[in-house]
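S.K.: Got a structure for you, questions after.
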Amino acid sequence: MMNRVVLVGRLTKDPELRYTPNGVPVATFTLAVNRTFTNQQGEKETDFINCVIWRRPAENVANFLKKGSLAGVDGRIQTRNYEGQDGKRVYVTEVLAENVQFLEPKNSGAGRNDSDQYSAPKEYGTPYGNTNQNQRQNNNQGFTKVDEDPFAGNGQIDISDDDLPF
């Protein structure tokens, strides 16, 4: 049997981080995922999918994703139920995320105000909010920007035998 979900979408609001009585972090968020087809009126529809993630990744999601952030979620569908305040059984279906990928650079500004600055944990090095443009450019020397064509110029790329996986 298989239960696997892979989603790419934007957060509809800031993630909500809570802690269990035992101190385990859990974050919940809703991902807006556009459908690939249009309805009869020619409009694209969107699904709003509730997601849950636990432990350290939950804290990372809460710290680094905001409303409007583009994220990739890898996980499984989970259905649970509980008794509501009116005494009726309530069923909830959600994605239990095992991995969340941040798909935009921090400074892209999607869904954020310019005043929303946050920094990476210390183990990730210098916080983005405290570096200037020259420092970032110096740190990225030798790397190709996503928008740059690596084959521009002479149309060749230099690869050593050590770079090949076989």
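Read-outs: derived from the displayed coordinates by stated rules, not from any lab. All figures in this text were calculated on a predicted structure; none of them were measured in a lab. Please note: Cβ atoms are built from the backbone with ideal geometry, for glycine as well, and neighbour counts cover all protein chains shown.
S.K.: Summing Lys, Arg as +1 and Asp, Glu as -1, what charge do residues with Cβ under 12 Å from the Cβ of D74 carry, D74 excluded?
M.R.: +1
S.K.: Now for a different question. Check each of the trypsin sites (Lys or Arg not before Pro) in region 1-33 and keep only those in coil by DSSP with at most 13 other C-beta atoms within 10 angstrom; list them in order.
M.R.: Listed in order of number, the matching sites are R4, K13.
S.K.: Amide H to amide H, which residues 5 or more places from T46 or on other chains are under 5 Å from it, using H placed in the peptide plane?
M.R.: The answer is R35.
S.K.: Could you calculate the FRET efficiency of K67 with T46 from 1/(1 + (r/R0)^6), where r is the beta carbon distance between them and R0 is 22 Å, rounded to 0.05?
M.R.: 0.90
S.K.: Shape of region 1-96 from its Cα gyration tensor (a ≥ b ≥ c, root eigenvalues): rounded if a/c is under 1.5, otherwise prolate when a/b > b/c, or oblate?
M.R.: Since a/c reaches 1.5 but b/c is at least a/b, the shape of region 1-96 is classed as oblate.
S.K.: Taking R0 as 45 Å, what's the FRET efficiency between T38 and Y82 from their Cβ-Cβ distance, rounded to 0.05?
M.R.: Approximately 0.75, to the nearest 0.05.
S.K.: Another question about this same structure. In region 1-35, whose amide N lies under 11 Å from the spot 7 Å out along Cα-to-Cβ of E94? List them in ranges.
M.R.: In region 1-35, the label zone of E94 (backbone N under 11 Å from the point 7 Å along Cα→Cβ) covers 16-18, 26-30.
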